[in-house]
Amino acid sequence: MTPRPLVFAVLAACLPLAAQEASDLDRKLSDKIAATLKQSGARSASVAVVLGRKLAFVKAFGAATAETRYAVGSISKQFTAAAILLLQEQRKLSLDDRVSQYFPALTRAADITIRQLLSHTSGYEDFAPQDYIIPAWTHPTTAQEILNIWAKKPLNFEPGTKWQYSNTNYVLASEIFTKAAEQKLVPFLKEKIFTPLKMESSDDCAVAFPYDAEGYTRYAGGPPRRVQREANGWYDGAGELCMTAYDVGLWDLAFVNKEILLARSYDEFTREVRLKNGDGTNYALGLQLGEFNHIPTIAHSGEVSGFLASNTIYPTRNAAIVVLTNEDGVSLIGPLTTQIATILFLPPEPAAAEKDPTQVKSILEGLAKGKLDRGLFTANANSYFSAQALSDIRQSLVPLGKLESVTRSSESLRGGMTHRGYRAVFQKKTVALNIYVMPDGKYEQFLIVE
């Protein structure tokens, strides 16, 4: 592969205003991302941000460059779903086709649809629920071997009655794709998605690239350790892709702009699949549905041996956040996504309430010593902090050890005040803070929730 110039060179070639916005975003994000990566101890991370219908930020941190390619694990599932939607547009299959039309020998094949495979409501048991590499995965296999074992077992539940994540669903979906398209999945993705979007690094992980990251794991709080990757054949359609954060960002940009699929296909892609009794699943087709601070999200994470990945689209903001890392066993992709989303979408804190959690941390450290600066609090809050309350709080905080960090996790308005949630990380435990701040910056509420 010819090395792609650093992505910021591409961004700099845009209009002056766009370059200025990119530089401003770099100033807001880079130091915080680097600090979070350092705190996690992970080897590297690559981040991409789509904002305002453009790829606004792409940067590598730690032992990585913009060209470093990561295994994206189950983020691959949304590409499998997109490929099947493209086949449906070509009238080569339907989401409501039964599995029996393609693989009649599988368990309850006549009762299970492609839509149920893609939404994890089929009942087929997951062949890979473990979050570490097991001995079986170190030996090559084939999709047919997986299906012969796992898709011929009794179902875990009646089709359409429950939601249960299962990689088996997507191995089967990719095999159905191959039969309907008369073409393997990854070559189709390259022709219809990767090449049109100039996703030059995107391919099956079995195809080695010069800039592939090496995978690491960690045992509890130990140091990073090199870890073996799964052998070929285990994640066909379920998690077989590798790419750069830049390429995932290009996909998200096309998703936000609805460039690859027809509008009706995007509607199918992102519509929540409900169970037969009407209950929700918070899942569409290869996409998890949720929210961040009342902002809708369309997301999926990914994990294979040595790699963690997160891809989150914010459709009402025409935005997306991509975080890729080459170490499993660490808490990084979730906190980093939340941190970036907080910077992008939540209003900055008023000066009186501090622009960072320094004051909140100082108050918490004081409470651990039984001390309180009552000038920072309203009369109501001061009534709450009685002698008994201060004693109980001190006795509960002291065993938790040193306070290591305080980060804001949410913000909203209520009762003429600003309501904020924080995560306070002590040496031995993480607690939540439930805080209300008055317009003048005084604290009306400062609750510690263990």
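Could you tell me what fraction of 2.2 N^0.38 Å the Cα radius of gyration of the chain comes to, as a two-decimal ratio?
Computed over Cα atoms of the chain, the ratio equals 1.07.
For the chain, what is the charge dipole size about the Cα centre, in debye to the nearest 20, if Lys and Arg each add +1 at the Cβ and Asp and Glu each add -1 at the Cβ?
I would put it at about 680 debye.
Hey, what's the chain come to in accessible area per residue, 1.4 Å probe, Å²?
44 Å²
Under a plain spin-label model, where a point goes 7 Å from the Cα along Cα-to-Cβ, how far apart in nm are Ser331 and Lys190?
Label at Ser331, label at Lys190, 4.1 nm between them.
List, in order, the whole-Hz ³J(HN,Hα) value for each residue of segment 161-166 obtained from phi through the Karplus relation with A = 6.51, B = -1.76, C = 1.60 and θ = phi - 60°; use x for Gly and Pro.
Whole-Hz 3J(HN,Hα) from phi for segment 161-166: 9, 8, 10, 8, 4, 8.
Rounded, prolate or oblate: which one fits segment 325-450, using the alpha carbon gyration tensor with axes a ≥ b ≥ c (rounded when a/c is under 1.5, else prolate when a/b beats b/c, else oblate)?
Oblate, because a/c is 1.5 or more while a/b does not exceed b/c.
Post the alpha-carbon centroid distance, segment 143-196 to segment 55-113, in whole angstrom.
Result: 8 Å between the Cα centres.
In segment 212-308, what trypsin sites (Lys or Arg not before Pro) fall in a loop by DSSP, with at most 16 other Cβ atoms inside 10 Å?
Lys258, Arg271, Arg274, Lys276
Please give every one of the lysines within straight-line cross-link reach of Lys77, meaning a C-alpha to C-alpha distance under 23 Å, and leave out same-chain neighbours fewer than 8 residues apart.
Lys92, Lys152, Lys153, Lys162, Lys179, Lys184, Lys190, Lys192, Lys198, Lys258
Which of these, Val248, Val50, Val406, has the largest mean-square fluctuation under a Gaussian network model of the chain (Cα springs below 10 Å)?
In the Gaussian network model the winner is Val406.
What does the C-alpha gyration tensor say about the overall shape of segment 37-136? Classify as rounded when a/c is under 1.5, otherwise prolate if a/b is larger than b/c, or oblate.
oblate
Carbon and sulfur atoms: what percent of the 1.4 Å accessible area of segment 306-450 do they account for?
Result for segment 306-450: 52 percent of the exposed heavy-atom area is carbon or sulfur.
First select every other residue whose beta carbon is under 15 angstrom from the beta carbon of Ile193; then total the charges, Lys and Arg +1, Asp and Glu -1.
-3
Which of Leu250, Leu346, Leu51 ends up with the largest GNM mean-square fluctuation for the chain, with Cα atoms connected below 10 Å?
Most flexible of the set in this elastic network: Leu346.
Per DSSP helix of 4 or more residues, -39500 (n - 2.57); summed, then divided by the residues of the chain. What does that give at 222 nm, rounded to the nearest 500?
Computed ellipticity for the chain at 222 nm equals -9500 deg cm²/dmol.
Tell me the Kirkwood hydrodynamic radius of segment 163-251 in angstroms, computed as one over the mean inverse distance between distinct C-alpha pairs.
15.0 Å
Translational diffusion coefficient, Stokes-Einstein: compute it for segment 156-202 using the Kirkwood radius over C-alpha pairs as Rh, at 10 °C and 1.306 mPa s, and state it as an integer in µm² s⁻¹.
Approximately 125 µm²/s, per Stokes-Einstein.
Setting aside same-chain residues fewer than 8 positions from Lys54, which aspartates and glutamates have a Cα under 19 Å from its Cα?
In chain and number order, the partners are Glu21, Asp24, Asp26, Glu200, Asp247, Asp252, Glu259.
Any chance you could list P(r) for segment 235-297, counting all Cα-Cα pairs in 5 angstrom bins from zero, rounded to whole %?
4, 13, 16, 24, 24, 13, 5, 1, 0
I need the trypsin sites (Lys or Arg not before Pro) found in segment 401-442, filtered to DSSP loop residues with at most 16 other beta carbons within 10 Å of theirs.
Lys402, Lys428, Lys429
With no solvent and one equal point scatterer per Cα, compute the Debye intensity ratio I(q)/I(0) for segment 44-83 at 0.25, 0.31, 0.34 Å⁻¹ and report its log10, rounded to two decimals.
-0.92, -0.94, -0.97
Pairs Lys28/Lys428; Lys28/Lys369; Lys361/Lys429; Lys38/Lys361; Lys402/Lys442: which are spaced more than 23 Å apart, C-alpha to C-alpha?
Beyond 23 Å: Lys28/Lys428; Lys28/Lys369; Lys402/Lys442.
In square nanometres and to one decimal, what's the mean projected area of the convex hull around the Cα atoms of segment 360-415?
If you wrap the Cα atoms of segment 360-415 in a convex hull and average its projections, you get 4.8 nm².
Put a dot 7 Å past each Cα toward the Cβ at Asn156 and Ser409; how far apart are the dots in nm?
In this crude spin-label approximation the distance works out to 2.6 nm.
Report Rg (one decimal) and Dmax (nearest whole number) for segment 259-323, counting Cα atoms only, units Å.
13.2, 39
Send over the per residue convex hull volume for segment 106-217, Cα only, as a whole number of Å³.
Here the figure is 139 Å³ per residue.
Only Cα pairs within less than 10 Å get springs; with that Gaussian network setup on the chain, which residue of Ala284, Ala83, Ala389 has the largest fluctuation?
Ala389
Computed on alpha carbon atoms, what radius of gyration and Dmax characterise segment 298-399, expressed in Å?
According to the Cα coordinates of segment 298-399, Rg and Dmax are 19.7, 54 Å.
Can you give me the relative contact order of segment 192-300 as a percent, contacts being Cα pairs under 8 Å and 6 or more apart?
Answer for segment 192-300 is 19 percent.
Could you work out the pair-distance distribution P(r) of segment 122-176 from its alpha-carbon pairs, with 5 angstrom bin width and percents rounded to whole numbers?
Result returned by the calculation: 4, 18, 28, 26, 15, 6, 2.
The values are calculated or read from the model by the stated rules, or taken from the named source; none is laboratory data. The structure displayed is predicted, hence computed values, not measured ones. Ideal geometry is used to build each Cβ from the backbone, glycine not excepted, and the neighbour counts take in all protein chains shown. In case anyone asks, the SASA skips ligands and DNA or RNA and just uses the protein heavy atoms, side chains included. Shrake-Rupley method; radii C 1.70, N 1.55, O 1.52, S 1.80 Å.
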